[in-house]
1. Just checking, how many residues over the stretch 29-73 are within 15 Å of MET1 (Cα to Cα) and either in contact with a strand residue (DSSP E or B) (Cβ under 8 Å, 6 or more places away or on another chain) or touching a residue at least 60 places away in the same chain (Cβ under 8 Å) (or both)?
2. Residues in the stretch 37-73 that are of a type in the set (Gly, Ala, Ser) and touching a Pro at 6+ places or on another chain (Cβ under 8 Å): how many?
3. So if I check each of LEU21, LEU63, LEU46, which one is outside any loop (DSSP other than H, G, I, E, B), of a type in the set (A, V, I, L, M, F, W, C), at pLDDT below 75 and surrounded by 13 or more Cβ atoms within 10 Å (Cβ to Cβ)?
4. Quick one: is SER29 part of a helix (DSSP H, G or I), out of contact with any Gly (no Cβ under 6 Å at 6 or more places or on another chain) and at pLDDT 85 or above?
5. Could you list, ordered by first residue, the pairs with Cβ atoms under 8 Å in which the first is in the stretch 1-19 and more than 15 Å from TYR32 (Cα to Cα) and of a type in the set (A, V, I, L, M) and the second is modelled with pLDDT of 80 or more and assigned to a helix (DSSP H, G or I), at least 6 apart or interchain?
Amino acid sequence: MNLQIYAIKRGNQKLDSCIQLIVVDLDKSKRYPLNFVCVLPRYLRLLEKRSSNFAKIFGEKSLCVAKNFGEQA
């Protein structure tokens, strides 16, 4: 998997509430939404609770994967 994050701006809301970070797999396709994997949770505590799709996909490694995305940005 060649994972990257993709930022999407939604509507004319405040900047911090309208950007969604999407996890994409560039091995699937170079174009969104064909390469969609899941949405990166806004709060890392959701990863600890395993209550997001991101945590369900990446399992115990989800917090480490999310932190690596933060270092890439």
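1. Qualifying residue count for the region: 8.
2. Kept after step one, since they are of a type in the set (Gly, Ala, Ser), are these residues of the stretch 37-73: 51-52, 55, 59, 62, 66, 70, 73.
This time we only want the ones that are touching a Pro at 6+ places or on another chain (Cβ under 8 Å), so: 52, 55, 66.
Selection size over the stretch 37-73: 3.
3. Working: LEU21 fails: at pLDDT below 75; LEU63 fails: at pLDDT below 75.
Within the list LEU21, LEU63, LEU46, the selection yields LEU46.
4. Details: part of a helix (DSSP H, G or I): no; out of contact with any Gly (no Cβ under 6 Å at 6 or more places or on another chain): yes; at pLDDT 85 or above: yes.
Taking the combined requirement at face value, the residue does not satisfy it.
5. Partner pairs satisfying both residue conditions: none exist.
The values are calculated or read from the model by the stated rules, or taken from the named source; none is laboratory data. None of the values given here were measured: they were computed from a predicted structure. Every residue, glycine as well, gets a Cβ built from its backbone with ideal geometry; the counts of neighbours run over all protein chains shown.
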